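Okay, structure first, notes after.
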Amino acid sequence: MRAQADRFGAELIRVDADRVNLKATPIEVVAGGTTFLTRSLVIATGAYAKLLGLPNESKFMGHGVSACATCDGFFFKDKHVIVVGGGDTAMEEGTFLTKFAKHVTIVHRRDELRASKIMQERARANSKISFLWDTEVIDILGAERQVTGVKLRNTKSGALSQMPVDGVFVGIGHQPNTKLLEGQLPLDANGYILTREGTQTNIPGVFAAGDVQDHVYRQAVTAAGSGCMAAIDAERYLEAQKHAAGASKGKPEPAKAPAA
């Protein structure tokens, strides 16, 4: 995709954006000490999966630890896995994993779920799902780059225990990368950019695409699709601005003959 962008003349600047001013005209983006001015902006900063922050979590990521059941569930066919969390994300991940795993244990640090009623009912009705209440994962165990179990602590008694598992799925939600935009764009309760009419934000010329505004699908293919939509929306916006500017100037004067 990067090579294709290069081929069509896109300029790639490999620095992080430090701040933006969406209320300025033109829009200002400060990155790497340079201020870029633009008439249109596509925000595609994505989102990241919230993790537990355990020492071995990153070590075993991709080797038994995952934050995406739809991405990695197939690799745990007939295995015993746990899902950490108690909200809709955990219930959705756990239910999906039962298509492959032999058994799924939902590990939750409280004695009741935060998930919506319908998501709870689906999980509780699934014979391949069990719940481990008042429990938190405090370490991930493994050998030779493969998860073999987890170390647990009861949140009420403090008692420690270990559970052999083949996989650990972290289902505590995602965090969109919208800190730069706080106070400049409408965000929902979880920090996702609110869009209307495709990818348009409430600021003319500013569009949002991918996981930064999508809390439902969160897949590479849907992000790429919305990126295409945003590019088309931005192009149409710029064309409309060009025509509007031309119309406001009236009819062009007849061309003059060049001086001898």
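The values are calculated or read from the model by the stated rules, or taken from the named source; none is laboratory data. The structure presented is a predicted model; accordingly, all values stated were derived computationally and were not measured. Cβ placement follows ideal geometry from the backbone for every residue including glycine, while neighbour counts extend to all protein chains displayed.
One line per residue, one yes/no per condition, for (1) closer than 20 Å to SER161 by Cβ; (2) among the acidic types (Asp, Glu); (3) at pLDDT 95 or above:
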{"site": "GLY86", "(1), (2), (3)": "yes, no, yes"}
{"site": "PHE96", "(1), (2), (3)": "no, no, yes"}
{"site": "LYS102", "(1), (2), (3)": "no, no, yes"}
{"site": "SER127", "(1), (2), (3)": "no, no, yes"}
{"site": "TRP133", "(1), (2), (3)": "yes, no, yes"}
{"site": "GLU136", "(1), (2), (3)": "yes, yes, yes"}
{"site": "LEU141", "(1), (2), (3)": "yes, no, yes"}
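Tell me yes or no: at least one residue of the range 190-212 is modelled with pLDDT of 95 or more, under 20 Å from MET61 (Cβ atoms) and in a helix (DSSP H, G or I).
Yes, the range 190-212 contains a residue that is modelled with pLDDT of 95 or more, under 20 Å from MET61 (Cβ atoms) and in a helix (DSSP H, G or I).
Report whether or not ASP6 is among the acidic types (Asp, Glu), outside any loop (DSSP other than H, G, I, E, B), out of contact with any Gly (no Cβ under 9 Å at 6 or more places or on another chain) and on the phi < 0 side of the Ramachandran plot.
So ASP6 fits the description; yes.
Checking the condition among the aliphatic types (A, V, I, L, M) and assigned to a strand (DSSP E or B), which residue from LEU37, LEU54 passes?
It is LEU37.
If a residue has to be more than 12 Å from PHE169 (Cβ to Cβ), buried (at least 18 other Cβ atoms within 10 Å of the Cβ) and of a type in the set (A, V, I, L, M) to count, how many in the range 92-122 make the cut?
Qualifying residue count, the range 92-122: 3.
Between ALA115, ALA90, ALA101, ALA123, which is more than 25 Å from ASN190 (Cβ to Cβ) and outside any strand (DSSP E or B)?
Just one listed residue meets the conditions, ALA101.
Restricting attention to the range 199-224, which residues are among the β-branched types (Val, Ile, Thr) and either out of contact with any strand residue (DSSP E or B) (no Cβ under 8 Å at 6 or more places or on another chain) or within 19 Å of ARG236 (Cβ to Cβ) (or both)?
Across the range 199-224, the qualifying residues are THR199, THR201, ILE203, VAL206, VAL216, VAL221, THR222.
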